[in-house]
Amino acid sequence: MQQEENQWGSRLGFILATIGSAVGLGNIWRFSYVAYDNGGGAFLIPYFFALLTTGIPLLILEFSFGQKMRGSATLSFAKIHKKWEWIGWWSTLVTFVLITYYSVIISWSFKYIYYAFTQAWGSNPEAFLYGTHLNLSSGIDSLGGINISILATVALVWLINLVIVYNGIEAGVEKASKIFMPILAVLMLIITVRGVTLPGAIDGINQFLEPDFSALLNPKVWLAAYGQIFFTLSVCFGVMITYGSYLPKKSDIVNNAFITSLANCGFSFIVGIGVFGIVGYMSAQTGQPINDVVAQSIGLAFIVFPKAINMLPTFQTFLGFIFFLALGIAGISSSISMVEAVVAPLMDKFGFSRKKAATIVCGAGFLGSTLFTTGAGLYFLDVIDHYNMQFGVAIIGILEAAVLGWYYKAEVLRKFFNPISNFQIGTWWDIMIKFITPLLLTIMVVKSLITEISQPYGGYPLSGLKIGWIVAGMLLVVAVILNLLPDKYDDRLLNN
Ligand code: PHE
Ligand code: NA
């Protein structure tokens, strides 16, 4: 029952699609503020450490695992042994929850493209974001009404997701990536060039790159670096396993993984320089210290940027338009990869057609998104994201490395991908997968659990945090149930 239509048309297409998945909202605003928050230039040390010891090894692992098993995360784990299928489902469900709010942030970007034309945010972008745009309620316990205009824009985002994924790998995802990625590169180049050529830019960039080495002693910084690497490379979400499964049999895994990671991290770095150039300019204009300018994390894109645009000497509308368009495109090219990673398991397990699976996922996803379009939406987003990443992705990372490293055996995979790759990976890779990654991740998860108990996340009331725990716990339960349901894997389970 091998579905032949599910294959990349070309190597370039595959690479653009994986870069499209990797480069997203995470690179444009998350990286800049996470780096800045965690020691500035010194953050790059744990960041590269996490990239080399865990990020790239896991990306190689996921590409080759998918390519060898020729299936989504769930089918691939089921092929090792039926009892591991739930790990695939868990990552699939985590990804599904992620898209429900990721698509809402994309919808904000879309709305801001439109706002940019009139600079609708006026002289107080902060009040505009929380008031006019979000209609934010007083706290997580007060739901507030659904924001109809955001809901309509979210519907548009889901429609785009649906149309692209509905059309399949080559005619949908690959084609979209070939259009999106070159446009995105040009847009980001414009923003960065504008950023670094503004007066005062150099002070912002210096602040961004200036190392604070004492930060290296703080475990929180390391946790942040690992979290950022997983999120930014789209690993542990089932996405790269699924994308790997559409590779032709003899594809160079190692090279592809390096190209994807380096392109993604290079992109973050260049954008970071551009963003901090603009921040430096703002600080020079207002006399406000750079620290204060970047103080609000979530607001970096939706508050600080509009403020910066207000202050630009020329081309305000144009740059506003370019920035939010770039954010929207980067977001969509990532969200389609998430949708694909949820659609593929449904096709594998239940034998659904692509069209049926895509319609179900996008319909259900849209319903899930409505929660984040309420007055308390931003709070839910913050809390659910925290638990989804900390107690979803991080634990999935441990399980994936442990089961594939020890049970399936890292050397089995390495002996599979080395012969088809241009340059060869040594035994260091086995060590990273079997020891370093699970060990470091376990330490971090335990540490953050302890922190969680002593100080509730984000200062929210426990009644509000409950939703995070419930969602995180439910995913695991549902994953196990899905594992137990009868499947249509048939003889595909046999050829591994
Ligand atoms: N890597 C994307 C980003 O940086 C987000 C993403 C996460 C995409 C998980 C797919 C899966 O924004
Ligand atoms: Na990324």
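What list do you get for T192, T242 if you sort them by fewest beta carbons within 10 Å?
Ordered by Cβ neighbours within 10 Å, fewest first: T192, T242.
Taking the range 322-469 as the region of interest, what is the percent of Cα-Cα pairs per 5 angstrom bin, listed from the shortest bin to the one with the maximum distance?
Final binned percentages: 2, 7, 10, 12, 14, 16, 16, 12, 7, 2, 1.
Of all chymotrypsin sites (Phe, Trp or Tyr not before Pro) in the range 340-443, which ones are in loop regions per DSSP and have a Cβ with at most 10 other Cβ atoms within 10 Å?
Counting only loop positions with at most 10 other Cβ atoms within 10 Å, the chymotrypsin sites (Phe, Trp or Tyr not before Pro) in the range 340-443 are F423.
Let me know the charge dipole size of the chain about its Cα centre in debye, to the nearest 20, where only the beta-carbon of Lys, Arg (+1) and Asp, Glu (-1) is charged.
980 debye
Helix 437-454 sits at what angle to the longest principal axis of the chain, using alpha carbons and giving 0 to 90 degrees rounded to 10?
Rounded to the nearest ten degrees, it is 50.
What base-10 log of the normalised intensity I(q)/I(0) is obtained for the chain from the Debye formula, alpha carbons as equal point scatterers, at q = 0.10, 0.12, 0.13 Å⁻¹?
Rounded to two decimals, the profile gives -0.73, -1.08, -1.29.
Which order results if T260, T314 are arranged by neighbouring Cβ count within 10 Å, fewest first?
Going from least to most buried by this count: T314, T260.
Work out how much length I481 to I436 would gain on full extension: take 0.36 nm times their residue separation and subtract the Cα-Cα distance, in nm to one decimal.
Gain in length upon complete extension: 13.1 nm.
Using DSSP loop states and a limit of at most 16 other Cβ atoms within 10 Å to flag GluC sites (Glu not before Pro), what is the longest stretch of the chain containing no flagged site?
Excluding the exposed sites themselves, the longest stretch runs over 6-496.
How high is the relative contact order of the chain, in percent, counting Cα pairs under 8 Å that sit 6 or more residues apart?
33 percent
Where in the range 37-60 does the amide nitrogen come within less than 18 Å of the point 7 Å from the Cα of N206, taken along Cα to Cβ?
Flagged as within label range: 40-42.
My understanding is that a pair violates if its Cα-Cα distance is over 30 Å; which of K409/K488; K82/K415; K356/K434; K83/K356 do that in this structure?
Those over the limit are K356/K434.
Which FRET efficiency value, to the nearest 0.05, do you get for T286 and T359 by plugging their Cβ-Cβ distance into 1/(1 + (r/R0)^6) with R0 = 45 Å?
Efficiency, rounded to the nearest 0.05: 0.35.
Would you mind finding the longest exposed-site-free stretch of the chain, with exposed trypsin sites (Lys or Arg not before Pro) meaning DSSP loop and at most 11 other Cβ atoms within 10 Å?
1-248
To the nearest 10 degrees, how steeply does helix 175-196 sit against the main Cα axis of the chain, on a 0 to 90 scale?
30 degrees
Test of understanding: extend the Cα→C-beta vector of V446 to 7 Å, then name every residue of the range 381-406 with backbone N under 20 Å from that spot.
390-403, 406
Coordinate-derived values only; no laboratory data. What you are looking at is a predicted structure, and each value in this text was computed from that prediction instead of being measured. Methodologically, a virtual Cβ is constructed for each residue, glycine included, from the backbone with ideal geometry; neighbour enumeration extends over all protein chains shown.
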